[in-house]
Amino acid sequence: CKMCPGRVISKLLCSGEKEVDLAVQDAKAAFKIWSQMSGMERSRVLLEAARIIREQREEIATLETINNGKSIFEARVDIDISWQCLEYYAGLAGSLAGEHIQLPGGSFGYTRREPLGVCVGIGAWNYPFQIACWKSAPALACGNAMVYKPSPFTPISVVRLAEIFTEAGVPKGLFNVVQGGAATGQFLCHHPDVAKISFTGSVPTGIKIMEMAAKGIKPVTLELGGKSPLIIFSDCALENAVNGALMANFLTQGEVCCNGTRVFVERKILDVFTKEVVKRTQKIKIGDPLLEDTRMGALINRPHLDRVQGFIKQAKEQGAEVLCGGDLYVPDDPKLKNGYYMRPCVLGNCTDNMTCVKEEIFGPVMSILPFDTEEEVVERANNTKFGLAGGVFTRDIQKAHRVVAALQAGMCFINNYNVSPVELPFGGYKSSGFGRENGRAAIEYYSQLKTVCVEMGDVESVF
C-alpha cells in the first residue's frame, strides 16, 4: 500500500496461458453479440457506464489513490477524464459510417467500417483507470471486445471498471481483465484470436510487443516514453510559464510520459525564471495522498524511487547543480515513514549531453537549460530519439505556431502543458510510438474498412 508501505492491500493471481485463453474466448463470444448491435445501442451502454463512473467519482478516485499513490486531488481529475472519454465515444458510436460512391452505368461502391474483433489493452501504472478507459472506450464504440492487462504494480482499479461495464449492460466477457507481468502479456500478444494490441509503457517493452505482434501480423498502437522539450521565451507571461513548468514536471510525482522535463529558458530571463520555479517547487505539499491539501504523493515502488535517485546522483557527478529537492522525504505521520517519497527536484547548470537531459527519468526531476535563439532551441529540442510532446510559452502567437510546427512531437502545447482533452488525438513521433488515442483519430485504430463494389449491368469479360 502506498500510504502504509509494506502493508498488503490485496493479492491477485497472475493469469497463465489457460486463463488468458479463457478470457479471449469469452471476449470472442461476447464480440459476436456486441458487434451485431447498432451504434446507438452501444452508445446507450457506454453512456450508462459513464454515468456510473461520474456517480462513483469519489469512491473510484480513492481506490486509484490507494492503487497508485498519486494525490486524491489528481485522482479525481483522472476519473473525470475517464467518464468524459466514455461519453465522447458514446457520442461517436451512432455516427460511425462508411461512404457510398457512384460508379459509371448506375453501378456503385460502398465502404463498411467494421470492428477488428478481440483487442488487447496493456496499461501502465501511472494512470491505471484513465488509460483503461482511453483504450476501451473507442474499442467498444467500434464494436470490438477487449481483454485488458493492467500493470502488476496497479492491478486494482481496472477490475472496478470491468464491474462497471457489466453493470452498464455490456455482454458478459466483452471487457475482461487478466492480471500479471511480462509472461501474461506474451500470452496475450501471441494468442491467435487476438486482432489488435494497444500498449502504453516503456520503449524497450514496446519494441518487444511490436516484435510479438509482427509474428501474427497484428496491428499495434504504441504509446511509449518521452523526453519532451518545454521552451520558455523571454516574452512569456512569467507566472503562467512557471505554472506550466510545474505542471509539465510534477504531476503524478513526475511519472508522466509526456512531461516537459527539458525546460529550455531564454537566457534573458533564466535567473528570474529559475528563482521563481525553485521557490514554487519548494512549497509543493508532499505526504499522505488521501489528504485534501497534498499535491504530491508517493512514487510507485522502492526500485523506481532508487532509480530516480540514481539519475540525480549521476546528474551531480556530470556537473548539474541541484537547486532544490532530490532528497528522500520522510513525512511526520509515523505510518508513512517508510513511504516512497522524495522532494521534487530542479536541476540547473544542465547541458544537452547529460544523462538527466537525454534519458527519461520518470520522476519529479526538472532540468533547466539556457538558450539564445529560436533556431538554436528548435534544433536542440528535436535532438532526441523521442517525440511525444513539446510546449512553448510566449506572447508572440506567430512565433508560437512557427515553433510548434517545427517540433518533431505528436502532442504540442502553447501557453499550457499536460492538458489532454479526450476530443483531441494523443500520441507520439519517432521512438515515442505510433497510432493515436482519443479524438476521432482513435476510431481508425479500432476499426477496418471493407470495400464493396456493385455491378448493375452485365460483366464485361476480357476473356
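The values are calculated or read from the model by the stated rules, or taken from the named source; none is laboratory data. Please read these numbers as outputs of a predicted model, since none were measured by experiment. For neighbour counting, all protein chains shown are included, and Cβ atoms are generated from backbone atoms with ideal geometry for every residue, glycine included. These accessible areas exclude ligands, DNA and RNA; they are computed on the full protein's heavy atoms, side chains included. Shrake-Rupley method; radii C 1.70, N 1.55, O 1.52, S 1.80 Å.
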Report summary line: Note to self: with every protein chain in place and a 1.4 Å probe, the stretch 321-365 gives an accessible area per residue in Å² of 45
Requested in this report: When a/c is below 1.5 the answer is rounded, else prolate if a/b is larger than b/c, else oblate, so apply that to the stretch 348-453 with a ≥ b ≥ c taken from the square roots of the Cα gyration tensor eigenvalues.
Outcome: prolate
Query raised in the report: Given the pairs K283/K335; K32/K218; K28/K385; K283/K430, which span a C-alpha to C-alpha distance of over 27 angstrom in this model?
Result: K28/K385; K283/K430
Query raised in the report: Is any residue of the stretch 187-201 close enough, with backbone N under 19 Å, to a label point placed 7 angstrom from the Cα of K32 along the Cα-Cβ axis, and if so, which?
Result: 192-195
Requested in this report: Among DSSP beta bridges whose residues both lie in the chain, state the antiparallel percentage, nearest 5.
Outcome: 35
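Relative contact order for the chain: what is it in percent, counting Cα pairs under 8 Å that are at least 6 residues apart? It would help to have the intermediate numbers written out before the result.
Working: 1024 pairs, mean separation 89.0, N = 463.
Normalised by residue count, the contact order of the chain is 19 percent.
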Report task. Take the Cα coordinates of the stretch 17-225, assign each an equal point scatterer, and use the Debye formula without solvent to give log10 I(q)/I(0) at q = 0.18 Å⁻¹. Result -> -1.26
Requested in this report: Two decimals is fine: what is log10 I(q)/I(0) at q = 0.15, 0.21, 0.25 Å⁻¹ for the stretch 149-216, from a Debye sum with one equal scatterer on every Cα and no solvent?
Outcome: -0.56, -0.97, -1.17
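What is the calculated FRET efficiency for M456 to I217, with r their C-beta to C-beta distance and R₀ = 51 Å, to the nearest 0.05? Before the final figure, lay out the partial values.
Details: r = 35 Å, r/R0 = 0.69.
Calculated transfer efficiency: 0.90.
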Report task. Of the options S35, V178, S151, report the single residue whose Cα projects farthest towards the positive end of the charge dipole of the stretch 17-225 (beta-carbon charges: Lys, Arg +1; Asp, Glu -1). Result -> S35
**Report entry** Answer label, with Cα Rg over 2.2 N^0.38 Å calculated from the coordinates and candidates (i) 1.31; (ii) 0.94; (iii) 1.04
**Finding:** (iii)
**Report entry** DSSP-defined antiparallel bridges as percent of all bridges, the stretch 332-451, nearest 5
**Finding:** 10
Query raised in the report: What's the angle, to the nearest 10 degrees (0 to 90), between helix 238-250's Cα axis and the longest principal axis of the chain?
Result: 70
Report summary line: Checking the stretch 260-355 for trypsin sites (Lys or Arg not before Pro) in a loop per DSSP with at most 13 other beta-carbon atoms within 10 Å yields K283, K285, K337
Query raised in the report: Projected onto the charge dipole of the stretch 229-414 (+1 at Lys/Arg Cβ, -1 at Asp/Glu Cβ, origin at the Cα centre), which of C345, C236, P370 gives the Cα projection farthest towards the positive end?
Result: C345
Report summary line: Treating only Lys and Arg (+1) and Asp and Glu (-1) as charged, each at its beta carbon, one finds that the chain has a dipole about its Cα centre, in Debye to the nearest 20, of 800
Report task. Set Lys and Arg Cβ to +1 and Asp and Glu Cβ to -1, take the dipole of the stretch 67-141 about its Cα centre, and tell me which of V120, A75, I131 lies farthest positive. Result -> V120
Report task. Describe numerically, in nm with one decimal, the distance between label points set 7 Å from Cα along Cα→Cβ at K283 and at L238. Result -> 1.4
Query raised in the report: Going by alpha carbons, how many degrees (0 to 90, nearest 10) lie between the helix axis of 157-168 and the longest principal axis of the chain?
Result: 40
Report summary line: extent check for the stretch 35-146: Cα max minus min per principal axis, descending, whole Å, gives 65, 25, 20
Requested in this report: Using only Cα atoms, locate the centre of the stretch 202-266 and the centre of the stretch 51-79, then give the distance between them in Å, rounded to an integer.
Outcome: 23
Query raised in the report: Excluding the sites themselves, what is the longest stretch of the chain that contains no GluC sites (Glu not before Pro) in a DSSP loop with at most 13 other C-beta atoms within 10 Å?
Result: 100-291
Report summary line: So, with points 7 Å from each Cα along the Cβ direction, the D352-R44 label distance in nm works out to 5.9
Report task. For the stretch 335-356 and the stretch 121-162, compute the distance between their C-alpha centroids and round to whole Å. Result -> 30
Report summary line: For the stretch 1-79, the Debye formula with one identical point scatterer on each Cα and no solvent gives log10 I(q)/I(0) at q = 0.17, 0.21 Å⁻¹ as -0.96, -0.98
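What is the percent carbon and sulfur in the accessible area of the chain, measuring with a 1.4 Å probe over the protein chains and ignoring ligands?
55
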Report summary line: Long-range alpha-carbon pairs in the stretch 196-336, meaning those over 17 Å apart, account in percent for 71
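At a Förster distance of 51 Å, what's the computed FRET efficiency of D271 paired with D193, Cβ-Cβ distance as r, to 0.05?
0.25
Let a ≥ b ≥ c be the square roots of the eigenvalues of the Cα gyration tensor of the stretch 229-414; is it rounded (a/c under 1.5), or, if not, prolate (a/b larger than b/c) or oblate?
Judged from the Cα gyration tensor, the stretch 229-414 comes out prolate (a/c at least 1.5, a/b above b/c).
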Query - Beta bridges per DSSP with both ends in the stretch 268-382, % antiparallel, nearest 5 - result: 50
Query raised in the report: So how long is each side of the stretch 251-312 along the principal axes, counting just the alpha-carbon atoms, biggest first, in Å?
Result: 39, 27, 20
**Report entry** Neighbour-limited loop hits for trypsin sites (Lys or Arg not before Pro), the stretch 402-443 (at most 10 other Cβ within 10 Å; DSSP other than H, G, I, E, B)
**Finding:** none
Report summary line: Per the Kirkwood formula over distinct C-alpha pairs, the hydrodynamic radius of the stretch 420-463 in angstrom is 14.0
Query raised in the report: Hey, what angle do you get for helix 302-317 against the long axis of the chain, alpha-carbon based, 0 to 90 degrees rounded to 10?
Result: 50
Report summary line: One finds, for K316 and S202 with R0 = 35 angstrom and r their Cβ-Cβ distance, a FRET efficiency to the nearest 0.05 of 0.90
